[in-house]
Structures are given as structure tokens and as C-alpha cells.
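Below: the structure, in C-alpha cells.
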Amino acid sequence: MASKDSAVAHSLTNPEISRYSRQLIMPEIGVAGQMALKSSRVLIIGAGGLGCPAAIYLAAAGVGHIGIVDHDNVELSNLHRQILHTESAIGTPKAVSAAEQCRRLNSSITLEPITEKFTNKVAINIVSRFDLVLDCTDNVATRYLINDACVLAGKPLVSGAALGFEGQLCVYNHRGGPCYRCLHPAPPPPETVVSCAEGGVLGLVPGIIGSMQALEAVKVILQPVQAKANLSATGTDEQQPPQAPKQQLRLFNALESSLRCVAIRKRSPGCEVCGREPRIVDVRSVDYEAFCGLPACDLVTPRTPLPGQTRISATEFAKVYNAAGSLPTEQRSPRLLLDVRPECEFAICRLRGSLNVPLSRLAQPVGKSLLAEALHPLLNSSLAAGDASLCDKDKLLPVYVICRRGNDSQVAVRILQEQLADRPCRLIDIAGGLTAWAAQVDREFPIY
């Protein structure tokens, strides 16, 4: 505490005054603002690429109680963007790892790791214990759940998202402003949703968005303090109704290093959770995965499988692949292994002898040309041997199609079924793609 000769009306300790001195001397924060931060309780849902920078900056700013929710464990593929986790933390619950790193930075605050899965059964109980919530998750179903829980519990929500080179940020359900459902009453079609696991992300982008989420959280916490200071400055005691802040969606483009602010509409009277006649009054009654058509996780959702006769497992393909590799070239039966991943992924790893024609080019002239060039000698070889006939499916040229996880290859097979309908080819999808190959056949094969 301060010296006995120092007459102060706050509970900041000498170490806290020293730690936060650069904030304390700012008129917009001061002692009252720092005390507001110290007494605040902030919940961060998701200890990943967004949650890590948000957590560490809120801890540094002196937020008194930080809850961190995440049921996943740290993996090696997390480390390029989830900067609080280290190699030694692999296998550790993310919430525990993030809380520990924040505690190392600031031991004077309370860190509460929550390792249970954030579901509609526990959402209200968790959210209601905090003053403010940060949505740092990466799936649509959980995003709707968090929004609804915040509306029903009366908590402001700072929502962020990042994918590729782009990110976005918005504050919802704050001082009369709209909630997420007001802007997005219906979820996007499941087939249009791309996760970081599928589309990739530059680690710096969630770092920037997560830091901005922390900034918006601090501003929300400080608003009552600033409003009181402004009232005192006017010299009047008249209380004015709080004005809703300008509602904006912030769009960040890392390639252009640009930040664009887009005005968003006001709260929707017909919103199902915050409107005049809300239909959602209890999140436990809503099946968010069914509503969105997607699971509440960032895992890649398998597409509807092709018929069994057009698919084989990675183990089954390995028998064909390895048997052919053990024979002299002149004794190998003609076949084609088509890899439909993007060129950048094909450059990471590939199976020997595979032809790369990205799915995006498969139906284009350049893709058709590449495929025709590869098929021509193989079909000629089959015809010369008397093997190929459209009437005998067992003697058609096998065209095996593979991708990263077995989704795009199914789409490719459907495209090729039309393109090669008049060619003596038998299209075969390799279920699970190269991920299944690494798990079932070659454990030394790279996983990305």
C-alpha cells in the first residue's frame, strides 16, 4: 500500500502503481480506470490464435480476473499462431497453458482456466460469472451459442475471427447495440464455411485481431469511468441516458496492411434472441450444431461419401501402390495416381509417381489438358495389351484420386465421372486422403 503519509482513496499497491504507471498517467485511464480494470472479470472463450494475445494483453493491463475456456490440448501445429503455448506444453490443456503464461507475466491477478467444453449445458453458468466476454473461437456453432448466452446473461461480447490474410472484429450486445444474430439471423451454408485447418492462416493475423479484441475489452471496461469523468468536466449533475456507441465491423487485410470500418445496422426488432419477442430464452433448448449444420469444433467436416465401390482405404491402396513399386517398369499394370491438392500443398509432400492437377483447375482447359496428356499413353498401353474396355469394368484403367483428407478427392471424382464418361477409366477415391495414409500406412509421412 502507499505510504502512511500519503492520503489516497484507492487500493492500488506500490508495486501495482509502478507496474501500471504508464497507464495511470494517462488522463483517459488514471487511478479510476486502473481500479475499474482491477475489479473487472473478463471471460476469454478459446485459448488459440485469438485468445492467446488477448489474454496476455489483458493480463498485462491489470484485468483483475481472467477466465480462459478451452477443452483442447496443445498440439505442434498450434505453435505458429498460439503464442502463449510452447513446445514443452504440447499435450497440456490449452486453458491451463495460457493461464500459466499469463500468471508468469502478472502474478497479482487471478487466472481461472476452464477446461470443460463450452456447450449449451454450461454456457449460462460460466458467462454469468463475468462482466465481459471475448469470443476467440473458430467455429460457427459456438459463435451463435456464445452470442445467445451473452444476450441472455446481459454481457457485452467482443467477437473476433481470422482466416488466411484477413481478420474481423466487432463488439456486440453493448449499450443497446445489435447482437451477432441481428446481423446474421441464419448461419452460412455448411459447404461455404472454411476453417483455419482447411484454408490456413498467417499467424500474425490472429495475433493482430486478438490484440484488438483486448483493446476493445479495455475500452468497454473504461467507458463508465470516462463517462463519469466527462460528466464531472461539464460541471452538471444531470444524468443523460447512455448513448449507444457507433457500431462498426472492423475488417483487417494483412496483404494491404489496411483496416476498414463498416457501419452495421442497429439492433433488429425481430431478432430471435434480443428482439421484441425473442424465441430463444434458454440456450439449453437450442441444438446449435443442427442449426448450423456443422459440429462445434474446427475439425474438417467429412463430405458425404461416394458409393463404396468407388472408394478404397489407404491400406487397400498401399497394397496396389507397393506391389507396383516392387515390379520392373515394363511389368507394371497401367494406372494413374491423381493428386488434386493445391500446388502449395503438393510441394510439401506427395506420393511417388502422383500427378498434381488441383481441384480448382480440374474442369478448366489447363487441367483437362494435363489430365489428357497423362492418360493418353496409359490408355494406349492398356488398349495395346487388350485390357481396356468400357464393357468390362475390371479391365478399365484405374485412376486413383487423392487429396489431403479425403474431401476434395470425392468432389474430383464426381467431376471426372462426367469428364471421362467416354474413356475406359475406373475412378477410385482414396478415403481419408494423405492424412489416412500417414495414420494407416506410413507414420513417417508428413502431417500438416
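A short reminder: the numbers here are calculations on the coordinates, not readings from a lab. These numbers come from a predicted model, not from an experiment. Here the Cβ is made from the backbone with ideal geometry for all residues, glycine too, and neighbour counts use every protein chain on show.
A few points about this structure:
- Under the span-like rule (Cα at least 27 Å along the axis, Kyte-Doolittle mean at least -0.5), DSSP H helices of the chain: 204-234, 365-384
- The chain - mean residue ellipticity at 222 nm from DSSP helices (-39,500 (n - 2.57) per run, n ≥ 4, rounded to 500): -10500 deg cm²/dmol
- For segment 67-116, the square roots of the Cα gyration tensor eigenvalues, ordered a ≥ b ≥ c, give a/c of at least 1.5 with a/b no greater than b/c, which places it in the oblate category.
- Cross-link reach list, aspartates and glutamates versus Lys94, counting only Cα pairs under 20 Å and skipping chain neighbours closer than eight places: Asp70, Asp72, Glu75, Glu112, Glu116, Asp135, Asp138, Asp298
- Extension gain, Ser88 back to Arg352 (0.36 nm per residue minus Cα-Cα distance, nm): 91.6 nm
- Within a Gaussian network of the chain (alpha carbon springs, distance under 10 Å), most fluctuating of Arg260, Arg103, Arg404: Arg260
- Comparing Cys196, Cys349, Cys179 in a Gaussian network model of the chain (Cα springs below 10 Å), the most mobile by mean-square fluctuation is Cys349.
- Span from the segment 146-170 Cα centroid across to the segment 28-72 one, whole angstrom: 15 Å
- Fewest neighbouring Cβ atoms within 10 Å first, the residues Met35, Met212 line up as Met35, Met212.
- Packing-based exposure ordering (other Cβ within 10 Å, fewest first) of Glu166, Glu191: Glu191, Glu166
- Gyration tensor (alpha-carbon) shape descriptor, segment 40-292, a/c threshold 1.5: rounded
- Between the alpha-carbon centres of segment 243-294 and segment 400-440 there is a gap of 38 Å.
- 21 Å Cα-Cα threshold exceeded, pairs from Lys319/Lys395; Lys368/Lys395; Lys121/Lys266; Lys155/Lys246; Lys228/Lys266: Lys368/Lys395; Lys121/Lys266; Lys228/Lys266
- Label corresponding to Cα Rg over 2.2 N^0.38 Å when calculated from the structure given, among (i) 0.94; (ii) 1.08; (iii) 1.25: (iii)
- Under 5 Å from the amide H of Leu134 lie the amide H atoms of Leu43, Ile44, Ile45, Val158, each residue being 5 or more positions distant or on a separate chain, with H modelled from the backbone and absent for Pro and chain starts.
- Chain lengthening between Asn253 and Asp287 when straightened (0.36 nm per residue, less Cα-Cα): 8.9 nm
- Choice from Tyr400, Tyr144, Tyr288 showing the highest fluctuation, given a GNM over the chain with Cα pairs closer than 10 Å: Tyr400
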